[in-house]
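Notes to accompany the following structure.
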Amino acid sequence: MMKIRTQRLASLLLGAVYLSPLAATGAAAQDQSATAAQRAETTLKQMTEAEKTVLTVGILAMPFGEDSAPLPEEAVLGAGYIPGIARLDVPALTETDASLGISWIGGLRGDGATALPAGLAMASTWNRTLIERGGQMIGAEARAKGFNVLLAGGVNLLRDPRNGRNFEYLGEDPLLAGTLVGHSIRGVQSNDIIATIKHLALNGQETGRKYVDSIISEDAAYESDLLAFKIGIEIGNPGAVMCAYNRVNGEPACGSAWLMNDVLKQDWGYKGFVMSDWGAVPGLDAALAGLDQQSGSQLDTRVFFGDMLARAAHDDPAYARRLDDMNRRILWAMYYNNLDTNPVVPGVPIDFEVHADIAQDVAEQGIVLLRNRDGALPLAARAQSIAVIGGYADSGVLSGAGSSQVQGKGGPAISVPLSNVGPTAAFITESYHASSPLAALRAQAPDADITYRNGRYISEAVAQAKKAEVAIVFATQWASEGYDQPDLTLPNGQDALIAAVADAQPNTIVVLETGGPVLMPWLDKTAAVIEAWYPGARGGEAIASVIFGKVNPSGRLPITFPAAETQWPRSRVDGADTVEPEFFGNPPEGAAPLRADYDIEGSDVGYRWFARQGQRPLFAFGHGLSYTDFESSELVTDGHSAKVTVRNTGDRDGATVVQLYLTSRNGEPLTRLAGFERVELAAGETRTVTITIDSRILAERNGDHWQMPAGRYRFDVGSDAQTMTVSQSVTLPSRTWPSIAAR
Ligand code: BGC
């Protein structure tokens, strides 16, 4: 059983949180036809002073500390619990992680859940509908297990390729990531539960995550990371926003009045509530900065939003006003999502087969074929000999670790502990979902002779590869919340293994299961490379289907793969050489300030930075091959939308993603994804696709306005961010519109 030790007595704290404030007087019946805002107001009016701090503070809903108090009966073992107010029919909040499915929490609940592939795999599908179905599916599982809050919606932009949580997020582009996170949230909330969007904001690395200071100008933030949040909120309307561990421009994100009061609530008019990340509350005055709820309060230095907040509200009208607003917002999120009228009932059976089909769809559409020399793939399913090597491919597919870790029923196929030391050792485990690529390959090619070697000894792998007609090397890069990758090599000598196998066997196919981009010093020697990310509950089947051509790959990279780490704005993670790797990222005594200077690239994240620097990456954002060919023509645009004709010129059915880029403005070169559409085309089929253009992508944020200068705007359809195929220029008038409400 996983236990997290603490320096404080959890029982004391739990006592404070559970104080029952319900000195009941009768509550007025609610008018169910009223709007969520009206209902929130009605309930708020009936709350006693003591009741007003019930919803503002929660606990980590799992054993915590040596002598932690038992959980209240209605709590469900998971990430968090906030008691309800029975007298007013206000339900308790039961919270679970995360964006990829219902988290495993070290097996404490003893059940399993369906693992979606990594966020980067989801983003590689560029498929709004499918990602919404994925959200519906994980939301349904949350509901079935008794949770009415899913801590999903991870949308921090990839600003560092080594960030240990990149696998949870949706890549480097604000339009793509924001759109997809919005659809995922919409899917989750279709189950009448609350979804979060997280972590507001600029939570770009895990090294020193609780004190690293993300430095960025307001304009650049509005054009990049904040834009992803804004688009996600517009589409998904999540009930809650989770603020981040890190600092932003000197302030802790969960104490940043700029982020929470000014940007989120005032400029964007957000109606829901802000919950803290677990252990991220800097103090009571975070309430005045816009924080509405203290989560997992055992992990903070004290309970700020309980009695302390009640006392402040009693003495200070500013706190009293805020306390009302905090309740209004939390109640709004509950009523908007029907938490009280359609309450969760734990124990509903889950159809894991149907849910795994969805996970498999995502995996199949999210796998990216990076390289395919002379049509090496798909392999014919005829009898042939194949040497499968490494990556625990006989047993399963890799998953990412930390609070988002999902495990299927029965737990992981393989779990390799990487440490048995320290309070978070249970998290530091490399686990594989029970979906064996080897078994799936054998099932799809029953007449082939398919052998397996684990790849621990290069000589053995090479000998096996030489004997076969084809070698398939599975290479893994484990990543976890709490830790960044020190560099972009494949760990445990896997680069040397691949190089040796590819030297011995020209038909070498590499399957990558990584949490982000890696370098590929062996690339030229290989016949084909597949990026499968962490492919989820049916990853093995999805990989085999792509290898044998049952599925025509259609994934497109949502991130840039650099040719060298020096191409990135930072060639090392900030603090990589000075900060001790530690899950919680707490500042050690006397720690030097840690800064991540995001003003270097500003809003030119990822491919935009590469374009600005004139650098050629290893694989560009948007890249992905297919077993058929596509041709785009006849781009027509008025700057608001674009029409493009796409044709499948090959002899196989397939899908492509039409990527529309803004490539210059008044002669100044730019590269910005302005719109996209995934389209499935039968062999020989032609279709005209309409793409909506988001004006914010064409504009600059300037002080309190978005500004589009008058002039020539050039658009290109690209097969990736560096390969343009058809273009059109259009003259647009100057446009300015406010980006903030009057402050
Ligand atoms: C993570 C959040 C997560 C929370 C609750 C934190 O460590 O940063 O993403 O939702 O824990 O488990």
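The values are calculated or read from the model by the stated rules, or taken from the named source; none is laboratory data. Since the model is a prediction, treat every value here as computed from it, not as a measurement. Note: ideal-geometry Cβ built from the backbone for every residue, glycine included; neighbour counts use all protein chains shown. Ligands, DNA and RNA are stripped out before the accessible areas are found, and what is left, the full protein with its side chains, is counted by its heavy atoms. Shrake-Rupley method; radii C 1.70, N 1.55, O 1.52, S 1.80 Å.
List of remarks:
- Residue list for segment 346-358, restricted to those being closer than 20 Å to residue 187 by Cβ and open to solvent by 70 Å² or more (accessible area, probe 1.4 Å): 348, 351, 353, 354, 357
- In the set (1) farther than 14 Å from residue 296 by Cα; (2) at pLDDT below 75; (3) open to solvent by 50 Å² or more (accessible area, probe 1.4 Å), the condition left unmet by residue 18 is number (1).
- Check on residue 235, in contact with a helix residue (DSSP H, G or I) (Cβ under 6 Å, 6 or more places away or on another chain), open to solvent by 10 Å² or more (accessible area, probe 1.4 Å) and under 26 Å from residue 608 (Cα atoms): yes
- Residues of segment 562-580 classified as outside any loop (DSSP other than H, G, I, E, B) and either at pLDDT below 95 or within 10 Å of residue 368 (Cβ to Cβ) (or both), total: 0
- In segment 150-169, the residues that are away from the ligand (no atom under 13 Å from the Cβ) reach residues that are of a type in the set (Val, Ile, Thr) with C-beta atoms within less than 7 angstrom, at least six apart or across chains, in these pairs: 157/605; 158/559; 159/605; 160/573; 162/573.
For (1) touching a residue at least 40 places away in the same chain (Cβ under 8 Å); (2) open to solvent by less than 20 Å² (accessible area, probe 1.4 Å), each residue gets a yes or a no:
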position	(1), (2)
457	no, no
469	yes, no
490	no, yes
497	yes, yes
505	yes, yes
521	no, no
535	yes, yes
546	yes, yes
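- None of 585, 606 is at pLDDT 95 or above, out of contact with any helix residue (DSSP H, G or I) (no Cβ under 7 Å at 6 or more places or on another chain) and on the phi > 0 side of the Ramachandran plot except 606.
- Residue-level check: of (1) part of a strand (DSSP E or B); (2) buried (at least 20 other Cβ atoms within 10 Å of the Cβ); (3) of a type in the set (Gly, Ala, Ser), residue 611 misses just (1).
- Residue in segment 71-90 that is free of Cβ contacts under 8 Å to residues at least 24 places away in the same chain, buried (at least 24 other Cβ atoms within 10 Å of the Cβ), aromatic (Phe, Trp, Tyr) and over 30 Å from residue 719 (Cβ atoms) present: yes
- When residues of segment 619-659 are limited to those that are part of a strand (DSSP E or B) and of a type in the set (Asp, Glu), the one surrounded by the fewest Cβ atoms within 10 Å (Cβ to Cβ): 634
- Residue in segment 465-472 that is part of a strand (DSSP E or B) and at pLDDT below 95 present: no
- Any pair with Cβ under 7 angstrom, 6 or more apart, that starts in segment 305-327 at a residue that is free of Cβ contacts under 8 Å to residues at least 60 places away in the same chain and ends at one that is open to solvent by less than 30 Å² (accessible area, probe 1.4 Å) and hydroxyl-bearing (Ser, Thr, Tyr): 312/319
- Only listed residue being at pLDDT below 95 and not small (Gly, Ala, Ser), chosen from 378, 437, 412, 417: 417
- Counting only residues that are more than 26 Å from the chain's Cα centre (by Cα) and either among the hydroxyl-bearing types (Ser, Thr, Tyr) or over 25 Å from residue 144 (Cβ atoms) (or both), segment 336-353 holds 1 of them.
- Hey, residue 588 open to solvent by 10 Å² or more (accessible area, probe 1.4 Å) and either closer than 19 Å to residue 160 by Cβ or not assigned by TED's automatic domain parsing to the domain that holds residue 433 (or both) or not: yes
- Some residue of segment 407-418 being open to solvent by less than 10 Å² (accessible area, probe 1.4 Å) and free of Cβ contacts under 8 Å to residues at least 60 places away in the same chain: no
- Qualifying position, being within 33 Å of the chain's Cα centre (by Cα) and either at positive phi or within 16 Å of the ligand (Cβ to nearest atom) (or both), among 443, 479: 479
- Flag if residue 706 is exposed (fewer than 14 other Cβ atoms within 10 Å of the Cβ) and in contact (Cβ under 8 Å) with a residue 12 or more places away in the chain: no
- Here residue 296 clears all of (1) of a type outside the set (A, V, I, L, M); (2) free of Cβ contacts under 8 Å to residues at least 40 places away in the same chain; (3) touching a strand residue (DSSP E or B) at 6+ places or on another chain (Cβ under 9 Å) except the condition numbered (2).
- Taken as a whole, the condition of being more than 26 Å from residue 273 (Cα to Cα) and within 14 Å of the ligand (Cβ to nearest atom) applies to residue 106.
- The single condition among (1) free of Cβ contacts under 8 Å to residues at least 60 places away in the same chain; (2) touching a strand residue (DSSP E or B) at 6+ places or on another chain (Cβ under 8 Å); (3) open to solvent by 10 Å² or more (accessible area, probe 1.4 Å) that residue 188 does not satisfy is (3).
Every residue, every condition in (1) on the phi < 0 side of the Ramachandran plot; (2) in a helix (DSSP H, G or I); (3) in contact (Cβ under 8 Å) with a residue 24 or more places away in the chain, yes or no:
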{"position": "95", "(1), (2), (3)": "yes, no, yes"}
{"position": "99", "(1), (2), (3)": "yes, no, yes"}
{"position": "102", "(1), (2), (3)": "yes, no, yes"}
{"position": "106", "(1), (2), (3)": "no, yes, yes"}
{"position": "109", "(1), (2), (3)": "yes, no, yes"}
{"position": "121", "(1), (2), (3)": "yes, yes, yes"}
{"position": "138", "(1), (2), (3)": "yes, yes, yes"}
